[in-house]
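First comes the structure, then the notes that go with it.
The values are calculated or read from the model by the stated rules, or taken from the named source; none is laboratory data. This is a predicted model, so every value here is computed, not measured. Every residue, glycine as well, gets a Cβ built from its backbone with ideal geometry; the counts of neighbours run over all protein chains shown.
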Amino acid sequence: MKTISISLLLILTFSLTAFSQDILVKHDGSELKTKVKEISETTISYLLFDMQDGPIRTIDKTDVFMILYENGTRETITIKNELAMPSEKVETSRGGNEYDGKYFMLGVGYGNSYGGSGVRAQFRTGGIVGFGAHIGAGYFPEAPVLASAGLKFFYYKGLYLNTQFGLVGWKDDYYDYYSSSNKELTYGPSALLGADFAWGKKVGFGFNVGAGTTYVINGYGTEFDVALDLGFVVRL
């Protein structure tokens, strides 16, 4: 009878010991017998069950699948998505997470796309790489008005290759015996490398600069000339 009582006491002691520990179940199926002390957003602090006078240890919550508490309750470990898989942030000129390459731009300046000294309207679409179109008109000395229109390929944000066609200047057209002359407008295609820079989130202010070459179709023979653009821009 005494032997049976001792056996029952040992079984009871073992059972109480087994249920007085917290078990951390990892994703790989292994277990840690612990006393959980604290659970934060990213870690679990605990004491080893058989070394409760030892140091407090920590484990990442991403390594733990479940906690089996001493009172029999279970807690499945979940973490916020931004902690489990941080999203990559992409540089942007408007303060968001992606470059917004779709906008309308107005400019005032001097050059081929401005029609001399004039104005230019431009539309851009796409992302970091995009496409755009523009039209401009302005005043040029001794010519009534110059105008041009063109297409742009943006190979990185505001950096572009511009191809356009329009009126590019004037020439003297001698037409009578006494060498009297008349002003004749010249025209042709142009190609420029340049950049549109604008700073601001919703409305941006900046400048435009470009340089290249123009082929004058109705010049004095085969004629190439310098093409330039320089202006102030507003991005809407």
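Please state which one of 108, 145 is assigned to a strand (DSSP E or B), modelled with pLDDT under 85 and not acidic (Asp, Glu). Show your work before the answer.
Values: 108 fails: modelled with pLDDT under 85.
One residue alone meets the criteria, 145.
Any chance you could count how many residues in segment 189-212 are β-branched (Val, Ile, Thr) and either at positive phi or surrounded by 14 or more Cβ atoms within 10 Å (Cβ to Cβ) (or both)?
From segment 189-212, those β-branched (Val, Ile, Thr) are 203, 209; that's our starting set.
Pick out the ones that are also either at positive phi or surrounded by 14 or more Cβ atoms within 10 Å (Cβ to Cβ) (or both) and you get 209.
Total satisfying the criteria: 1.
Scanning segment 120-150 for residues that are aliphatic (A, V, I, L, M) and more than 14 Å from residue 104 (Cα to Cα) yields 128, 129, 137, 143, 145, 146, 147, 149.
Taking segment 99-124 as the range and being within 25 Å of the chain's Cα centre (by Cα) and of a type in the set (Phe, Trp, Tyr) as the test, the residues that pass are 99, 103, 104, 123.
If you go through segment 149-184, how many residues are at pLDDT below 85 and closer than 30 Å to residue 100 by Cβ? Give the derivation first.
Residues of segment 149-184 at pLDDT below 85: 166-184.
This time we only want the ones that are closer than 30 Å to residue 100 by Cβ, so: 166.
So the count comes out to 1.
Residue 52 falls short on exactly one of the conditions (1) loosely packed, with under 14 Cβ neighbours inside 10 Å; (2) at pLDDT 85 or above, and that condition is (2). Going residue by residue through segment 85-95, is there one that turns out to be loosely packed, with under 15 Cβ neighbours inside 10 Å, modelled with pLDDT of 85 or more and either farther than 30 Å from residue 203 by Cα or under 21 Å from the mean Cα position of the chain (by Cα) (or both)? For segment 85-95, residues loosely packed, with under 15 Cβ neighbours inside 10 Å, modelled with pLDDT of 85 or more and either farther than 30 Å from residue 203 by Cα or under 21 Å from the mean Cα position of the chain (by Cα) (or both): absent.
Within segment 192-214, being among the polar types (S, T, N, Q) and either at pLDDT below 90 or over 13 Å from residue 154 (Cβ atoms) (or both) holds for 213, 214.
So that you can scan it fast, the table gives a plain yes or no per residue for (1) under 14 Å from residue 65 (Cβ atoms); (2) modelled with pLDDT of 85 or more; (3) basic (Lys, Arg):
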| site | (1), (2), (3) |
| --- | --- |
| 7 | no, no, no |
| 10 | no, no, no |
| 14 | no, no, no |
| 24 | yes, yes, no |
| 31 | yes, yes, no |
| 40 | no, yes, no |
| 45 | no, yes, no |
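Filtering segment 27-45 to residues that are over 39 Å from the mean Cα position of the chain (by Cα), surrounded by 13 or more Cβ atoms within 10 Å (Cβ to Cβ) and within 14 Å of residue 63 (Cα to Cα) leaves only 32.
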